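Engineer: After the structure tokens below, expect a handful of questions from me.
The values are calculated or read from the model by the stated rules, or taken from the named source; none is laboratory data. As the structure is a computational prediction, the values presented were derived from the model and not from experiment. Every residue, glycine among them, receives a Cβ derived from its backbone with ideal geometry; neighbour counts consider all protein chains shown.
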Amino acid sequence: MNMHINRLEGDKIQYVAERQELEHYFDKRIREILKEEIPDLLKDLSKKEWLTKQELMELTGWSGRTIQNMRDTRQIPYSQHGRKILYPRKGILEFLERNYIKPLE
């Protein structure tokens, strides 16, 4: 990016870019971000909204007994009709986010 440099008082430097240069830079950067993000967004759109116990086990690595215990203690959301139990993907991901523990730095 070609920027014009103006010296200010002391050792401060001010960079001034022309509008066209800024538009080109941001257009390029937005395209890069979209290339990175769109595939993941499309994958998310194709995912099922409701998960079976087996799908939940694959998603989280939890055992069937752990899932049942978490359901029984109302830690995770679920929907039940008769014997059929389904788990909302969004609710499970929210549960994981709420319980995320940041590593020490």
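Engineer: State the number of residues belonging to the range 74-99 that are in contact with a helix residue (DSSP H, G or I) (Cβ under 8 Å, 6 or more places away or on another chain) and aliphatic (A, V, I, L, M).
Structural biologist: 4
Engineer: Kindly indicate the residue of the range 23-77 that is in a loop (DSSP other than H, G, I, E, B) and either of a type in the set (Phe, Trp, Tyr) or in contact (Cβ under 8 Å) with a residue 40 or more places away in the chain (or both) and also surrounded by the most Cβ atoms within 10 Å (Cβ to Cβ) among those meeting that condition. Talk me through it step by step, then tell me what you get.
Structural biologist: First pass over the range 23-77, keeping only residues in a loop (DSSP other than H, G, I, E, B): 47-49, 52, 61-63, 73-77.
If we keep only those that are either of a type in the set (Phe, Trp, Tyr) or in contact (Cβ under 8 Å) with a residue 40 or more places away in the chain (or both) as well, we get 47-49, 62.
Working: LYS47: 10, LYS48: 9, GLU49: 8, TRP62: 17.
So the residue we want is TRP62.
Engineer: For the structure I just gave you, tell me whether ILE13 is modelled with pLDDT under 85 and surrounded by 10 or more Cβ atoms within 10 Å (Cβ to Cβ).
Structural biologist: Values: modelled with pLDDT under 85: yes; surrounded by 10 or more Cβ atoms within 10 Å (Cβ to Cβ): no.
Judged against the criteria, ILE13 is not a match.
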